[in-house]
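Colleague: Below are the structure tokens for one structure; questions will follow.
Readers should treat all values here as calculations from the given coordinates under stated rules, not as data from a laboratory. Worth saying up front: this structure is predicted, and the values here are computed from it rather than measured. Cβ sites come from the backbone with ideal geometry, for glycine too, and all protein chains shown count toward neighbours.
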Amino acid sequence: MTPAADRPTTLLKPVVTVSDERLQVLGAALVDLMHDQGFVPEAVVGIETGGLKVVEAMPKHARLIAWSCRLQRPGTERRKQALVRRKLLCHLPYSLTNLFRVFEDWLKGRKAVSVPPPTATLADELDRISTEIDRLGIRRVAVIDDAADSGATLACVMGCLRERLPKSVDLRSAVLTATRAPEQAAITPDFRLFNLTLLRFPWSLDYKGPYD
């Protein structure tokens, strides 16, 4: 599979809907991409929620040791807003929600990117994961997320984990899509299947099936 990162880019970003079935295909393709480029991870760390789902979609024969971590959990008010937004968006055709996605991405792309500090929960999880990596003698680890938009979350996790691991551990990042140009993001993933492409996942607020 030729990674979309090598394809020409356009100003108008495409929106691609990813079904549960296609997610399995993309999970396997991401593992293949890493292998094809000479990196064979022994373990993966999925960033919740989307990154963990990508990890779960990776093929069992890859025999990857898997952990998960989370930067934050949305508060009660944020969850309520998400539920209201989901109810609204699910009544609209993809042709309209695609426009909303592109416009929202454009607005966010105009904002300065800052990497958030790790929460106490994230620090505790990465302490536990780094201890296990050292105990098991693992030397190649990939941090997985579904999408790198601003890259702030991925940069935070990568930085915190790097601080906790010996320099001998090869730590890389891999995502299904990177939606920003490098100069607009906090980090450029080491591996990505799509470039400047907005993916609609089964867990996205506007997802209502593979077809409109």
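Colleague: Mind pulling the angle between the C-alpha long axis of helix 20-36 and the longest principal axis of the chain? Nearest 10 degrees, somewhere in 0 to 90.
Modeller: 40
Colleague: With springs only between Cα atoms under 10 Å apart, run a GNM on the chain and tell me which of V55, V143, V31 wobbles the most.
Modeller: The residue that fluctuates most here is V31.
Colleague: In degrees between 0 and 90, to the nearest 10, how far off the longest principal axis of the chain does helix 76-89 point, with axes built from Cα atoms?
Modeller: 50
Colleague: Counting pairs on different chains as well as pairs 8 or more places apart, how many Lys pairs in the chain have Cα atoms under 20 Å apart?
Modeller: Eligible lysine pairs with Cα atoms under 20 Å apart amount to 5.
Colleague: I've got another one for you. Any idea what the dipole of the chain comes to, in debye rounded to 20, about its Cα centre with Lys/Arg Cβ at +1 and Asp/Glu Cβ at -1?
Modeller: About 540 debye.
Colleague: Sticking with this one: Rounding to the nearest 10 and keeping the result within 0 to 90°, find how far the Cα-based axis of helix 120-136 lies from the longest principal axis of the chain.
Modeller: The angle comes out near 40 degrees.
Colleague: When all alpha-carbon pairs of segment 12-200 are counted, what percent fall beyond 29 Å? Mind showing how you got there, number by number?
Modeller: Values: 4011 of 17766 pairs.
More than 29 Å apart: 23 percent of the Cα pairs in segment 12-200.
Colleague: Could the peptides 116-123, 150-157, 65-72 be put in order, highest first, of the mean number of other beta-carbon atoms found within 10 Å of their residues?
Modeller: Ranking the peptides 116-123, 150-157, 65-72 by packing returns 150-157, 65-72, 116-123.
Colleague: Separate question: Could you please report the charge total around T131, scoring K, R as +1 and D, E as -1 over all other residues with beta-carbon less than 13 angstrom from its beta-carbon?
Modeller: Once all neighbours under 13 Å are counted, the net charge is -2.
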